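For reference, the structure discussed in these notes is given below.
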Amino acid sequence: SWYIQDDLLLNMRGYENTKFVIYDTSPLTDFSDYANVYGISFRQDEGSFMTAVYQSLMTNTNKIGAVASQDSPILNDFVTGWLAGVKYFNDNFDKNVEYRLAYLTDGTIAGNYETASVLYGSGYDIVYNIAGTYGLGAAQASQEAGGHERGIYMVGVDYDQYDVYSKSAHEVVGYRNVATSMQKKIQDSVVDALSRVIDGTAEMGNHRYSLSMGGVGLAYNERFYEVTPEEVVNELRAIEEKVVSGEIVVPSYFDFDSYDEFARFRDDASYRLNN
């Protein structure tokens, strides 16, 4: 959508009386010079925070993992929230969860399969796939590692991957191991934005759709409730309410002053942003 955004802004002349809604923009995009543009970005950091909490509550091996498709700002926003979630859990629960992040060196389904296989093979029993449709590889890796019958799961990303995989015309190996997904709720966010624009209540500019706004969140679908114990659901919901209320403030990659500060947060398990 960044390419679409660039094309849109370069060709605005003559369309001043037309209002535009564009989704999945960069959180740093400034539309202040474009009074007729409503941008939607997402608090993937908040959704990923909840993902890490969920993984930490669910793990049987006390080891959770994440695979990110690349070392880039938007992907690292997912990563920042995920890291913050594990650190929050370890600070507030009587459990010290080991975590491991891996970036793909081969941005393909096969590359995702190989990377996820390494994590599962090393005892990381629930892996967050921050790699879109490359998750087909992670799903296969989770199945070969033993699948849900042995407590091996994955968490999808962007959309409800269990729902999509389960309805595929071709069987997706390991789809039943997708316990939930961290969704960017694009449809809900676009409907909200269009409604505001149409009824005249919209403040034009860039907007970050958060957990409290219903812009991101875990997929609470039938499969989630099948595999998730009630006590985990209750604990997860309680923490989610703290994020929604602002009691828990989730850090974003875009809060860091430099990449080096992010890297320290990523690589040093003891480092906290209030240190």
Exercise for the section: May I ask you to verify whether GLU235 is farther than 30 Å from VAL37 by Cα, under 20 Å from the mean Cα position of the chain (by Cα), without any contact (Cβ under 8 Å) to a residue 12 or more places away in the chain and open to solvent by 50 Å² or more (accessible area, probe 1.4 Å)? Expected result: no
Fill in the blank from the handout: The condition of being under 26 Å from TYR271 (Cα atoms), out of contact with any Pro (no Cβ under 9 Å at 6 or more places or on another chain), of a type outside the set (Lys, Arg) and buried (at least 18 other Cβ atoms within 10 Å of the Cβ) holds, among GLY85, GLY81, only for GLY85
Exercise for the section: Being farther than 29 Å from TYR34 by Cα, among the hydrophobic types (A, V, I, L, M, F, W, C) and part of a helix (DSSP H, G or I) is the filter here, so list the residues in segment 155-192 that pass it. Expected result: VAL164
Exercise for the section: For GLU241, state whether it is more than 19 Å from the chain's Cα centre (by Cα) and open to solvent by 30 Å² or more (accessible area, probe 1.4 Å). Expected result: no
Practice task
Consider THR133 carefully, then state whether it is more than 20 Å from GLY47 (Cβ to Cβ) and either assigned to a helix (DSSP H, G or I) or open to solvent by 20 Å² or more (accessible area, probe 1.4 Å) (or both).
Solution key: no
Fill in the blank from the handout: The number of residues in segment 1-51 that are touching a residue at least 60 places away in the same chain (Cβ under 8 Å), under 16 Å from PRO73 (Cα atoms) and out of contact with any strand residue (DSSP E or B) (no Cβ under 8 Å at 6 or more places or on another chain) is 2
Exercise for the section: Any chance you could count how many residues in segment 193-221 are assigned to a strand (DSSP E or B), under 25 Å from TYR159 (Cβ atoms) and small (Gly, Ala, Ser)? Expected result: 1
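Would you call SER252 out of contact with any strand residue (DSSP E or B) (no Cβ under 8 Å at 6 or more places or on another chain) and open to solvent by 40 Å² or more (accessible area, probe 1.4 Å)? Talk me through it step by step, then tell me what you get.
On the way: out of contact with any strand residue (DSSP E or B) (no Cβ under 8 Å at 6 or more places or on another chain): yes; open to solvent by 40 Å² or more (accessible area, probe 1.4 Å): no.
So SER252 does not fit the description; no.
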Practice task
For ASP199, work out the one condition from (1) surrounded by 12 or more Cβ atoms within 10 Å (Cβ to Cβ); (2) within 18 Å of VAL37 (Cα to Cα) it doesn't fulfil.
Solution key: (1)
Practice task
Go through segment 141-165 residue by residue and tally those that are open to solvent by 10 Å² or more (accessible area, probe 1.4 Å), touching a residue at least 40 places away in the same chain (Cβ under 8 Å) and of a type outside the set (Asp, Glu).
Solution key: 4
Fill in the blank from the handout: Residue pairs qualifying under the 6 Å Cβ cut-off, at least six apart or on distinct chains, with the first in segment 122-140 being under 17 Å from GLY81 (Cβ atoms) and the second being modelled with pLDDT of 95 or more and of a type in the set (Val, Ile, Thr), are ILE126/THR59; ILE126/ILE64; TYR128/THR51; TYR128/VAL155; ASN129/VAL67; ASN129/VAL157; ILE130/VAL157; ALA131/VAL67
Exercise for the section: Tell me which of these ALA179 doesn't satisfy, since it passes every other one: (1) farther than 21 Å from VAL118 by Cα; (2) at pLDDT 95 or above; (3) hydrophobic (A, V, I, L, M, F, W, C); (4) touching a His at 6+ places or on another chain (Cβ under 9 Å). Expected result: (1)
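Could you tell me which residue of segment 39-63 is most open to solvent (accessible area, probe 1.4 Å), considering only residues that are β-branched (Val, Ile, Thr) and within 17 Å of ALA116 (Cβ to Cβ)?
Among residues in segment 39-63 that are β-branched (Val, Ile, Thr) and within 17 Å of ALA116 (Cβ to Cβ), the one most open to solvent (accessible area, probe 1.4 Å) is THR61.
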Problem - Residue in segment 63-71 that is β-branched (Val, Ile, Thr), touching a residue at least 24 places away in the same chain (Cβ under 8 Å) and part of a loop (DSSP other than H, G, I, E, B) present - result: no
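Condition check ((1) among the β-branched types (Val, Ile, Thr); (2) part of a loop (DSSP other than H, G, I, E, B)) across all residues:
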residue: ILE40; (1), (2): yes, no
residue: ALA52; (1), (2): no, no
residue: THR61; (1), (2): yes, yes
residue: PHE78; (1), (2): no, no
residue: GLY81; (1), (2): no, no
residue: VAL86; (1), (2): yes, no
residue: ASN90; (1), (2): no, no
Exercise for the section: Considering (1) of a type in the set (D, E, K, R); (2) over 27 Å from VAL232 (Cβ atoms); (3) open to solvent by less than 60 Å² (accessible area, probe 1.4 Å); (4) modelled with pLDDT of 95 or more, say which one ASP192 fails and leave the rest. Expected result: (4)
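The values are calculated or read from the model by the stated rules, or taken from the named source; none is laboratory data. Note that the structure is a prediction, hence the values are computed from the model and not measured. Cβ: placed from backbone, ideal geometry, glycine included. Neighbour counts: every protein chain shown. Heavy atoms of the whole protein, side chains included, go into the accessibility calculation; ligands, DNA and RNA do not. Shrake-Rupley method; radii C 1.70, N 1.55, O 1.52, S 1.80 Å.
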